[in-house]
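Structure record follows, encoded as structure tokens.
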Amino acid sequence: MGAYQYRLLAFVVCFATSGCNSTDDDDNQNLIMPYLDAGPVPSTDAAIQATPESLTLTLEQASFAADSSQQMTATLTYDTGDTDDVTSSVTWSSSDEAVARFSETQSGLLDGIAPGQTSITAAYDGLTSDAVNVEITPQPGVLTATPNQFAGLPGDSVTFSVQEMAGDAVSDVTESMTWTSADESIVTVDGHIATIIGTGTTQIVGQYGAQMVTIDIEGIDCQYPANNGQIAFMEVFPDLFWKDSYLPDGTQVNFSMRHFHCSPRYADKETLIIVLGAGWCGPCSRMTRDILNPRAPELVDMGAEILYLEAQDTNYELATSRFAYRHIGSLIDQGPGVRSGELDTQIYTADSTLMDVPGYVQGQPIVTGFPSVWVLRKRDMRLIADQGRSNYYLPFELICADPEADWSNPPPPPFRSNCEEGDEELTEPNNTAQEATRIEPGVFEGGICDAEPDFYRFTIAGPWRARLEFDSSEGDLDMLVYDKRSEQPVLDENGRALLSNGTGDEEEIVHENAAILMIYGYNRTSTPYTLTIEAL
Ligand SMILES: [Ca+2]
Ligand SMILES: [Ca+2]
Ligand SMILES: [Ca+2]
């Protein structure tokens, strides 16, 4: 536009003075140049007498983001009412160039630099425009939804949160989001909670200002293997459900056999270890805290999930999932495993509706005591290993490593020594009554450091006391007075076996005269000990 105007100007100037011709160029140039130096001038004849009166600034958006730009326009208005665009001729200024400053290459282009306010003016030929306030807003960030996808069975819901990340700044914009479901026959949204109501895939879309975030949703169509509702060895486990079960960190999820079998959440799982315990049951606590949990990280890596199902609370009442969460947490803190309570047990009926069946699991014939411990195979949801079929703890590592094998007669678990160097007594081998170490009253340090017992023999005229001390959280040791002939514990005058097999940190036997003591790890556990023999 500028070049066209200059040419037009040349004609105007010629007519108003002594005339123009091709031989008179020098004079004409002199007349024209001052106008050119000052920039564009009115494009009509009348404008020659017109006086610039005001300078006004316009821009499309008075508020825009850092790292974006807006083109400003300066308009000169003459006393005649005529106007001219003088954008490229004015001197632009921004009161705070740290907030926004003008481009050096394009006149009037205002670059947002950092969030804040600045005041824009332009000057032209002695005129200064009114100030225009411009706000630079933070650069729009990247929205991230958590979770960014969700697959669930009908009835499952998920709560989303959304973070906006702008540079190093992260802000939670969850409460500012507006959600819509792309298919309300699959998922509905209320606030920022989505609930699966049908099967299929769709999306929900979250809107935050001009930004959007989408979340892929799948309503899972689960085909659970046919079953007869009984819990039995090699049978398909019943289609049970525990709403609002607890994860180790206290978050709640619906957990069910159906979820375990079908949900992508368990995609990398092959086995489910179920510990049916009770709040009042010491051996259950031992199983959870001392046997299973120390192995749990390794088992989880092998594709095992754990379900701690509490049958009863400390008052022998049906346990809630809340109780299960607190009780298991008191034993293993945030150790792996879902926590559910039998009061909350539900079962899918033939038409896939849920029915309350509190206490269903502990009422099964397979449950002869607590803890009952089973391993299920995810592929077909069959119960492949039952603690009730073994005199030892189940060899979880072996079972989870090979869930297709026959575990109807599970072998003892591999022995794991809890001893450190020097814990084992120097009088090994002492693994049989024949090898028993001869001792006098006193204190002896030793250890059950392999799968074999330790034997000691002594002769004391009269009564004595043998006390065994150890850390039962590491390994439970027991002790008995051994009868070489019967290869059984010696019986006292009342016919009771002279053995001490409690669950605490100490075993004690009081007897008299010569004896052979046998010290052994309960269920192949291992730990160092201190043995004290005193004559009474
Ligand atoms: Ca030993
Ligand atoms: Ca030994
Ligand atoms: Ca014991």
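The values are calculated or read from the model by the stated rules, or taken from the named source; none is laboratory data. Small disclaimer: the values here were computed from a predicted structure and weren't measured. For neighbour counting, all protein chains shown are included, and Cβ atoms are generated from backbone atoms with ideal geometry for every residue, glycine included. Please note that ligands, DNA and RNA were not included when accessible areas were found on the heavy atoms of the full protein model with its side chains. Shrake-Rupley method; radii C 1.70, N 1.55, O 1.52, S 1.80 Å.
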For residues in the range 456-490 being aromatic (F, W, Y) and open to solvent by less than 10 Å² (accessible area, probe 1.4 Å), which is farthest from ligand 1 (Cβ to nearest atom)?
-> W464
E493 within 16 Å of ligand 2 (Cβ to nearest atom), out of contact with any strand residue (DSSP E or B) (no Cβ under 6 Å at 6 or more places or on another chain) and open to solvent by 20 Å² or more (accessible area, probe 1.4 Å) = no
Report whether or not C449 is more than 16 Å from ligand 3 (Cβ to nearest atom), crowded, with 17+ Cβ neighbours inside 10 Å, at pLDDT 95 or above and not assigned by TED's automatic domain parsing to the domain that holds L517.
-> no
Cross-chain or 6+ apart pairs with Cβ under 6 Å, the range 408-437 first and part of a loop (DSSP other than H, G, I, E, B), then of a type in the set (D, E, K, R) and within 16 Å of ligand 3 (Cβ to nearest atom) | P412/R524; F415/R524; N418/E474; N430/D454
Using the structure shown, decide if G369 is more than 30 Å from A267 (Cα to Cα), in a strand (DSSP E or B) and open to solvent by less than 60 Å² (accessible area, probe 1.4 Å).
-> no
Please work out which one of (1) touching a Pro at 6+ places or on another chain (Cβ under 8 Å); (2) at negative phi is the condition M381 fails and give its number.
-> (2)
Among residues of the range 390-430 being within 16 Å of D454 (Cα to Cα) and touching a helix residue (DSSP H, G or I) at 6+ places or on another chain (Cβ under 7 Å), the residue surrounded by the most Cβ atoms within 10 Å (Cβ to Cβ) is F415
Reported set for the range 239-265 where residues are modelled with pLDDT under 95, over 18 Å from E310 (Cα atoms) and of a type outside the set (A, V, I, L, M, F, W, C) is R258, H259, S263, P264, R265
Identify, please: which residue in the range 199-240 is open to solvent by less than 70 Å² (accessible area, probe 1.4 Å), within 30 Å of G141 (Cα to Cα) and among the small types (G, A, S) and is, among those, nearest to the chain's Cα centre (by Cα)?
-> G206
Failed item, numbered, when D84 is tested on (1) crowded, with 18+ Cβ neighbours inside 10 Å; (2) in contact with a Leu (Cβ under 7 Å, 6 or more places away or on another chain); (3) of a type outside the set (V, I, T); (4) at pLDDT below 90 = (4)
Could you tell me whether F455 is in contact with a helix residue (DSSP H, G or I) (Cβ under 7 Å, 6 or more places away or on another chain), at pLDDT 95 or above and within 15 Å of ligand 2 (Cβ to nearest atom)?
-> yes
With respect to I509, is the statement that it is modelled with pLDDT of 95 or more, open to solvent by less than 70 Å² (accessible area, probe 1.4 Å) and within 16 Å of ligand 3 (Cβ to nearest atom) true?
-> yes
Which residue, of D111, D130, D125, D96, is surrounded by 18 or more Cβ atoms within 10 Å (Cβ to Cβ), of a type in the set (D, E, K, R) and within 22 Å of T56 (Cβ to Cβ)?
-> D111
Among the residues of the range 75-87, write down those that are touching a residue at least 24 places away in the same chain (Cβ under 8 Å) and either at positive phi or assigned to a loop (DSSP other than H, G, I, E, B) (or both).
-> D79, T80, D82, V86
Output yes when any residue across the range 483-498 is near ligand 3 (Cβ under 10 Å from one of its atoms), modelled with pLDDT under 95 and touching a Leu at 6+ places or on another chain (Cβ under 7 Å), and no when none is.
-> no
Any chance the range 357-365 includes a residue that's within 16 Å of ligand 3 (Cβ to nearest atom), open to solvent by 30 Å² or more (accessible area, probe 1.4 Å) and touching a residue at least 12 places away in the same chain (Cβ under 8 Å)?
-> no
Does D478 qualify as being within 11 Å of ligand 3 (Cβ to nearest atom) and either touching a helix residue (DSSP H, G or I) at 6+ places or on another chain (Cβ under 7 Å) or of a type in the set (D, E, K, R) (or both)?
-> yes
Output the residue which, of all residues in the range 455-469 that are within 22 Å of A433 (Cβ to Cβ) and within 16 Å of ligand 3 (Cβ to nearest atom), is nearest to the chain's Cα centre (by Cα).
-> L468
